[in-house]
Amino acid sequence: MAMNLSRRDALRAAGVLGGGAALAALAGCAPTNMAGSAGDGKAGSATQGGDWLGEAPAVSKKDCTATFESDVVVLGSAVAGSLAALAAEDEGAQVTVLEKWSSFHYGGFGAAFVNSKYQLERGLPEYDPQEILTDINRSLCYRCDAKLWALWAFHSGEILDWLVEKVLADSGIAITAKGFGFEDRTSEISPFYDTVVEIGDPEVGDNYREFVQTLHDYLMGVGVEFKFETPAVKLDQDEAGRVVGVIAQNAAGDYEYYAAKKGVVVCTGGFGHNDDMIDEFFSPRIARFLREQNWYNGVMQTDKTPEIPLDTGDGHKMLCWAGAQMEEKTHPYNSWPTSPLCGVPVLMVNQRGYRFLNEATSFLNIPHVVAEQPGDDLAYWKILDQASLDGELPSAFNGVMPKGAVDVSTTELKADTLEELAEQMDIDPDVLKATVDRYNEMCANGFDEDYGKLPKYLLPVSTPPFHAVKETLVCAVTMGGVKCDGDLRVVDADGAPIPGIYAAGNTVGRRFGWSYEASHIGLTNSLAIVHGYFAGKNCATS
C-alpha cells in the first residue's frame, strides 16, 4: 500500500532513527568466581574485566533492611522491561519491576512488526520472514546473532496481535499501521520495508511515552509492583551460581532484598553515560563523540530532566559480576544527523571539502563512513544550488519532498560563488571547487563513476546562490551488551546459560553487529518488544 508521508512524518522519522559504527575492540567481562559464596563481593575481578568493571559492591542479603518476594524481578521499566513484566504476568507470575529513576523513560514513535493480523487487515503487505531475515543478516555482515533476529522475524507479528488484544484495544490509545510505500528498493535512499506500526498519538513526536504509560497503567492494574527510585546494585547468587535475587537501594539509601523465585530479567539499557565503558569499548574519537554529542538524556525524559544520568551500564556490570560476557570486538551505537536536509541525498563533502560516499546511502548508516573522515567532530557538509533547493528533492522518507518543503534559512551558509562559500565553510576554495566540478561532470554524464549513486539522485550544483548546510551526528544510545542464547538467557564465557538470569533491550549484545540495521523503522524498539516478551515469558515458565 503506497503512502505519502508528510513533512512532519519525515522530521519525526529523522528524530528517532539512527545508525552507526564503533571502531574499537572490546574485552570480555570477567567470569564469576563460582567458588565464592553468594554476595561475597569477589565475583568479577577487575583484573580480568578491565577498569570499567571494578568489583561487585561488598553488600549481601544480611545488609538489607527489608525483604520482598516475587516470582520474577525485572530491572528497568522502559519498553523492554515493560514487555518482560507483561509477558511474565501473562504466565501467572508475580512480578516486581525495579527502576532507578523516578519514572519510566521512552523514545521513538514506532516499531517494526512482520505479518501481524493487525497490519494485514489494514492493507499492509505480507512478507516472507525468511527473506527479511536473510536481508538483515547480510546487512549486518553476519556479526549479529541470527537466533535473536529470528525471534523478531517469525514472532513479532503475533506479539503485536497479542499486545493489541491484551492491552491496547481497550486502552483508547491510537495504533497506526502504515507503510512507506516504496516500490523501488534498489537504492539505499529508500530501504524501508512497510512494517512500521505507531503506537500512541501520531501527532506527538515521541509517542512511545503514551505507549509505555499505557503498559504501566495496565500492569499496575493487574498487580505488578513498580519500585521507582530503587536502583539494583547487585545480583545475588546461590552457591551453585543461580541468580536468586537482587539487592537494591531505596530512595533513603537503605538496601533492600528482592527474592526472585523464577529469576531476574535485566532491561537496564545501554552505557553511553559511563565514561570508563565507552573508553573501553570504543576508539578514542568515537568515545569523545559519545561523550560530547550524546543526546540520550535530552530526548528520553518524561516530566522532568533526570537528576541522574541514564544508560550508565549498571546492568552490564551486574551481569558481568555474575559471570556474563560482553560481545566481542566493535559495539554499535544509534546515531542520526541533525539538519533539515536529513535523508536528502545531495552532494556531501567532509570537513576538508572532499566528497567521500554515495549520498544515497541510508542516513542510518552514514556514521559508519563519517567516523573515518578528518575533522574535530562527526560532521560534514551538504552542498546544493538554488535550483535544487527550489525544486523537488529526493527523500529517504517519502521518495520526494515537494517544492519549498525544505527550509534551511536558519542553518545554511550561502554565497554567490563556490569560492566565497568555501571561505565561510573554512575549506580550501580550490578543493571545494574541484570537488563540485567533478561532481557536476558526472551529473551531466548521468553516471557516478566515483561512488555509484543512481542517476536520479545526481543533482548538479550549478545555479547560484550556492548553499552549504552542516550536518552533525548526535548519539542516542549504545547498543552493545552481554551475550545471550536464543531464549534470552544470559550466558557465561563458555556459552552456558547462567541459571535464573535473562536480559532484553539494549543490555543485550550481538544484535546489530557493526551498525544499526536500516531496512525497517524503529528496530531498537522492535527488538526490545520481542526480546522483552520472550525474556519475561521464558523466565516465568522456567
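The values are calculated or read from the model by the stated rules, or taken from the named source; none is laboratory data. Here the structure is a predicted model, which is why all the values come from computation and not from measurement. Cβ: placed from backbone, ideal geometry, glycine included. Neighbour counts: every protein chain shown. To get the accessible areas, we keep the full protein, side chains included, count just its heavy atoms, and leave off ligands, DNA and RNA. Shrake-Rupley method; radii C 1.70, N 1.55, O 1.52, S 1.80 Å.
So here's what we get for this one:
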{"item": "DSSP bridge orientation in the chain - percent antiparallel, rounded to nearest 5", "result": "70"}
{"item": "Whole-number percent relative contact order across the stretch 390-529, with pairs defined as alpha carbons under 8 Å at least 6 apart", "result": "16"}
{"item": "Surface accessible to a 1.4 Å probe, Asp170 within the full protein complex, Å²", "result": "140"}
{"item": "The stretch 407-418 - phi-based ³J(HN,Hα) in whole Hz, Karplus 6.51/-1.76/1.60, Gly and Pro as x", "result": "10, 10, 4, 8, 10, 8, 9, 9, 7, 7, 10, 5"}
{"item": "Estimated FRET transfer efficiency when R0 is 41 angstrom, pair Gln130-Thr463 (beta carbons, to 0.05)", "result": "0.30"}
{"item": "Contour excess over end-to-end distance, with Cα ends at Glu423 and Phe447 and 0.36 nm allotted per residue", "result": "5.7 nm"}
{"item": "Area of Thr338 that stays accessible when all protein chains are in place (1.4 Å probe, Å², to 10)", "result": "60"}
{"item": "Helix-only mean residue ellipticity at 222 nm for the chain, each DSSP H run of n ≥ 4 adding -39500 (n - 2.57), per residue, nearest 500", "result": "-8000 deg cm²/dmol"}
{"item": "Amide proton proximity set for Phe68, modelled H, under 5 Å, gap of 5+", "result": "Tyr257, Tyr258, Ala259"}
{"item": "Three-way shape call for the stretch 84-237 based on the alpha-carbon gyration tensor, with the a/c threshold at 1.5", "result": "prolate"}
{"item": "Length added when fully stretched, Asn250-Asp170, from 0.36 nm per residue minus Cα-Cα", "result": "25.4 nm"}
{"item": "Aspartates and glutamates whose Cα lies under 17 Å from that of Lys61, excluding same-chain neighbours fewer than 8 positions away", "result": "Asp40, Glu69, Asp236, Asp238, Glu239, Asp254, Glu256"}
{"item": "Residue pairs, from the table Lys178/Lys537; Lys234/Lys261; Lys117/Lys537; Lys100/Lys262; Lys483/Lys537; Lys62/Lys234, whose Cα atoms sit over 24 Å apart", "result": "Lys178/Lys537"}
{"item": "Inter-label distance for Arg122 and Asp494, nm, one decimal - labels placed 7 Å from Cα along Cα-to-Cβ", "result": "4.9"}
{"item": "Thr65/Asp437 FRET efficiency (R0 51 Å; Cβ-Cβ; nearest 0.05)", "result": "0.10"}
{"item": "Fraction of accessible area attributable to carbon and sulfur, the chain (%, probe 1.4 Å)", "result": "47"}
{"item": "Accessible-area order (highest first, 1.4 angstrom probe) of the listed residues Lys117, Lys414, Lys234, Lys433", "result": "Lys117, Lys414, Lys433, Lys234"}
{"item": "The chain, relative contact order [Cα under 8 Å, separation at least 6], %", "result": "26"}
{"item": "Solvent accessible area, Å² - Ser339, 1.4 Å probe, full protein context", "result": "20"}
{"item": "Distance (nanometres) between label positions extended 7 Å along Cα→Cβ at Phe154 and Asp51", "result": "4.5"}
{"item": "Options Leu124, Ser103, Thr541, ranked by Cα towards positive dipole end of the chain, top entry (Cβ charges)", "result": "Thr541"}
{"item": "Candidate lysines for bridging to Lys433, where Cα separation is under 24 Å - those fewer than 8 sequence places away on the same chain excluded", "result": "Lys382, Lys414, Lys453, Lys456, Lys470"}
{"item": "Cα-centred dipole magnitude for the chain, charges only on beta-carbon of K, R (+1) and D, E (-1), debye, nearest 20", "result": "620"}
{"item": "Å² per residue, accessible surface of the chain at 1.4 Å", "result": "37"}
{"item": "R0 of 35 Å, Cβ-Cβ distance Ala146-Thr472: FRET efficiency to nearest 0.05", "result": "0.55"}
{"item": "Rough spin-label spacing in nm, given labels placed 7 Å along Cα→Cβ, for Lys456 and Arg138", "result": "2.0"}
